[in-house]
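The values are calculated or read from the model by the stated rules, or taken from the named source; none is laboratory data. Please read all numbers here as calculations on a predicted model, not as lab measurements. Because the Cβ atoms are built from the backbone with ideal geometry, glycine has one as well, and the counts that use them run over all protein chains shown. All accessible areas refer to the heavy atoms of the entire protein, side chains included, with ligands and DNA or RNA removed. Shrake-Rupley method; radii C 1.70, N 1.55, O 1.52, S 1.80 Å.
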Amino acid sequence: MNRAAQAAVLFLLGVVVLHTGAGDVSLRYVKEGLRPLLLASGAVLVTAALATAWYERTPPRGPDPAPRE
């Protein structure tokens, strides 16, 4: 799996977790007191996906190292 696909899967999973946690659907899976943790985990997944996509699109900094012989 390449990094772009990894970022897409992380983003979609994070959005689903946020959507589930924002509504009453989450009460089918977790207790009411765990809803903030569910929302926080969804936010972490979305943030990780955005960071992965950003990291993949930025060019490497600095000169290329000299090849070893």
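Taking 7 Å steps out from each Cα toward its Cβ at ALA40 and ARG61 produces label points 3.0 nm apart.
Once you've got the GNM for the chain with C-alpha springs shorter than 10 Å, pick whichever of ALA53, ALA22, ALA43 has the biggest mean-square fluctuation. Looking only at ALA53, ALA22, ALA43, the largest GNM fluctuation is found for ALA22. Heavy-atom accessible surface of the chain, averaged per residue, reaches 84 Å², computed with a 1.4 Å probe.
Just how large is the dipole of the range 4-62 about the Cα centre, in debye to the nearest 20, putting +1 at every Lys and Arg Cβ and -1 at every Asp and Glu Cβ?
It comes to approximately 100 debye.
Where does the longest stretch of the chain lie that holds no trypsin sites (Lys or Arg not before Pro) found in a DSSP loop with 15 or fewer other Cβ atoms within 10 Å?
After excluding every exposed loop site, the longest remaining stretch is 1-30.
Computed from the C-beta positions of GLU32 and LEU12 and an R0 of 35 Å, the FRET efficiency is 0.85 to the nearest 0.05.
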